[in-house]
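Inspection log for the structure reproduced underneath, given as structure tokens.
The values are calculated or read from the model by the stated rules, or taken from the named source; none is laboratory data. Remember, predicted model here, so these are calculated numbers, not experimental data. Cβ sites come from the backbone with ideal geometry, for glycine too, and all protein chains shown count toward neighbours. Ligands, DNA and RNA are excluded from the accessible area calculation, which covers all protein heavy atoms including side chains. Shrake-Rupley method; radii C 1.70, N 1.55, O 1.52, S 1.80 Å.
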Amino acid sequence: MPGIVCLTRANLDSNWLHFEAGAVSKNGGLVMNCLLNLAKTDLDWPLKQFQSVEFKKEEMLSMMKSINEQLGDSGLAETPFNSLFETLWPEVARTMQEIIDDSPSASPTIRNTKDL
């Protein structure tokens with residue numbers, strides 16, 4: 001079963017979030033990070049081991065296609081998949097923007113160049 005981990009600066013160090021991502025991965029599921037106002041360089045272990053996308057329409061479409069492919073015969077064919085994505089995108093984008101706007105901002109983690 002695939003899992004999407006929505007990451008904000010405020011939840012990057014959440015033990016619960018790390019536990020859940022690990023549980024999905026350990027059970028053979030695809031784990032993908034959705035970065036909300038974050039860059040891939042903001043991630044540290046263990047989350048940076050998973051594929052990550054920024055919350056942008058084209059990157060989200062790519063992520064959703066990857067998840068759809070993981071579903072095998074249960075996934076949607078390309079045409080209905082694309083149609084459904086285009087139909088749902090405005091509502092998803094609006095809801096996610098509300099989450100971004102309401103998310104408390106934590107102090108950015110300062111990493112040295114060796115960590116990056």
(request) With percent of Cα pairs over 26 Å apart in mind, check (1) 12; (2) 23; (3) 9 and report the label derived from this structure. (result) (2)
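Could you tell me which trypsin sites (Lys or Arg not before Pro) in the range 1-80 are loop residues by DSSP with no more than 11 other beta carbons within 10 angstrom of their beta carbon?
Details: sites: R9, K26, K40, K48, K56, K57, K65; in loops: K56.
Answer by residue number: K56.
For the range 17-64, with all protein chains present and a 1.4 Å probe, just round the carbon and sulfur fraction of the accessible area to a whole percent.
Looking at the range 17-64 in its full context, I get 52 percent from C and S.
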(message) Which lysines, if any, have their Cα less than 19 Å from the Cα of K40, not counting same-chain residues under 8 positions apart?
(response) K48, K56, K57, K114
(request) Could you work out the relative contact order of the chain, using alpha carbon pairs under 8 angstrom and six or more residues apart, expressed as a whole percent? (result) 27
(request) Could you list the square roots of 5 times each eigenvalue of the Cα gyration tensor of the range 33-82, that is, the equivalent ellipsoid semi-axes, sorted largest first and rounded to whole Å? (result) 25, 13, 5
(request) For G3, enumerate residues with amide H under 5 Å from its amide H, sequence gap 5+ or separate chain, H modeled in the peptide plane. (result) L30, V31, M32
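Please give the per residue accessible area of the chain, computed with a probe of 1.4 Å over protein heavy atoms only, in Å². Display every interim value, and only then the final one.
Values: 7650 Å² over 116 residues.
In whole numbers, the chain has 66 Å² accessible per residue.
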(request) Return the single residue from L17, L38, L84 with maximal mean-square fluctuation; model: Gaussian network over the chain, springs between Cα atoms under 10 Å. (result) L84
